Each structure stands twice: as C-alpha cells, then as structure tokens.
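Here is the structure we will look at, set down as structure tokens.
Nothing in this text is a laboratory measurement; each read-out follows from the coordinates by a stated rule. Computed from a predicted model, the values in this text were never measured in an experiment.
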C-alpha cells in the first residue's frame with residue numbers, strides 16, 4: 001500500500017490470521033525492547049539493575065499503545081467493508097532498534113501499518129487513520145487519571161506503572177500525528193484540518209496536564 005511496506009494478497013478473513021499474529025508479535029517484541037533501551041539511555045542501560053523492570057513495563061505500555069492503535073485502524077477499515085491486516089515494516093523495526101540502542105536513546109515508532117484493500121473515500125480513510133491516535137489518547141487519559149488517583153493514595157509503584165503506560169500511549173499517538181509520509185497525521189490533515197487540530201490538542205493537552213500533576217514524563 002505504501003512504499004517500504006510488503007505487499008499482501010487480498011483475501012477475506014475473520015479475526016486475526018496466523019500471518020498477522022506473527023507480524024504483530026514481532027513488532028511488539030522489537031518495540032518493547034526499543035522503548036526499554038531508549039528509556040534506559042541506550043544499549044548500556046541493558047546492564048543496569050533496573051532494566052528488567054523497565055522492560056516489563058515497556059511491554060505493558062507498548063502492548064496497549066501499539067496493539068490497540070493498530071486494531072483500531074483495522075476494526076474501522078473492516079467496518080467499511082475493506083480487507084485489513086497489520087504488516088510489520090522490517091526496516092522501520094531495525095531503525096527503531098538502532099536509534100534506541102545509541103546513547104542517549106531515541107524512539108522511532110514506525111513498526112508497520114494496517115494494510116487495506118477496498119474502495120474507500122478520503123473521509124473514510126481519514127477516519128480510519130484517526131482511529132489509532134484517538135484510541136491512544138483515550139487509553140492514555142484513562143491510565144493517567146487512574147495513575148493520579150494511585151499517586152495521591154500513596155501507591156507510588158502502581159502510579160508509576162500507570163503513568164508509564166499513559167506516557168507511551170500519548171507518545172505513540174502524538175508521533176503518528178506528524179503530518180508527514182505514511183503516518184496517520186498526513187491522511188487526517190488531508191481529510192479534515194479541524195479533526196487534525198482537535199486530536200493534536202487532545203493529546204498535547206493531556207500530556208501538558210500530566211506534566212502539571214508531576215506524572216509525565218515518568219522519570220527512570
């Protein structure tokens with residue numbers, strides 16, 4: 001569908017195919033490691049005493065942010081009568097590992113995309129694209145709110161984990177709103193500038209609130 005992504009054959013399927021599960025699991029594993037290394041300051045952080053803890057919460061965070069982001073795209077595309085499945089982008093995953101391993105560690109979150117086959121309008125394509133970042137915002141907001149409640153209740157570790165999940169969701173949603181290339185932002189902007197600005201404001205505003213209450217970004 002986009003340059004750099006592998007071609008897939010069009011066929012009708014229900015649920016998750018074995019190929020899609022494989023691609024999702026590989027992308028999830030690579031992104032989890034990339035986030036953990038980036039948040040640990042690069043590959044040297046792997047040898048730190050707290051890296052296993054960071055790896056676990058990275059898995060929880062990326063699991064909610066990445067998986068639900070892609071499934072939201074897929075669900076709406078299928079609702080419009082299209083064939084839709086996730087396919088990883090191998091070069092994007094390798095770049096994510098490379099950049100996150102070099103100190104101080106940078107996250108490049110372009111693991112792949114939902115491949116779509118079918119006839120859709122620009123409006124439908126824009127809505128499909130918006131579904132991912134909107135889902136990240138919703139998850140991030142819920143986890144941030146519960147994290148704040150946990151914080152004022154004295155549950156420091158739980159609050160940290162919840163804030164971490166919120167942070168990764170807001171980061172991934174915000175990254176995908178960049179109006180460039182194959183990212184969601186370019187398609188949302190091309191469909192509706194008002195919707196684009198709204199999503200940017202929601203994610204940016206929620207992140208700002210998180211910084212005001214002292215939960216974002218979570219300190220390592």
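Compared with the dominant Cα axis of the chain, that is its longest principal axis, helix 68-79 is turned about 20°. Quick check: the distance between the Cα centres of the stretch 33-103 and the stretch 144-216, to the nearest angstrom? Measuring centre to centre over Cα atoms gives 16 Å. Note on the chain: helix-only mean residue ellipticity at 222 nm, from DSSP H runs of 4+ residues weighted -39500 (n - 2.57) and normalised by residue number, equals -21000 deg cm²/dmol. The long axis of helix 156-176 is offset from the longest Cα principal axis of the chain by roughly 30 degrees. Using only the Cα atoms of the stretch 25-150, build the gyration tensor, take square roots of its eigenvalues as a ≥ b ≥ c, and label the shape rounded, prolate or oblate: rounded if a/c is under 1.5, else prolate if a/b is larger than b/c, else oblate. Oblate, because a/c is 1.5 or more while a/b does not exceed b/c.
Using all pairs of distinct alpha-carbon atoms, the Kirkwood hydrodynamic radius of the chain works out to 17.8 angstrom. Quick check: the angle from helix 122-152's long axis to the longest principal axis of the chain, C-alpha only, nearest 10 degrees? The angle comes out at about 20 degrees. Can you classify the stretch 110-212 as rounded, prolate or oblate using the Cα gyration tensor, where a ≥ b ≥ c are the square roots of its eigenvalues, rounded means a/c under 1.5, and otherwise it's prolate if a/b beats b/c and oblate if not? In terms of gyration-tensor shape, prolate. Relative contact order of the chain, taken over Cα pairs closer than 8 Å and 6 or more residues apart, is 21 percent.
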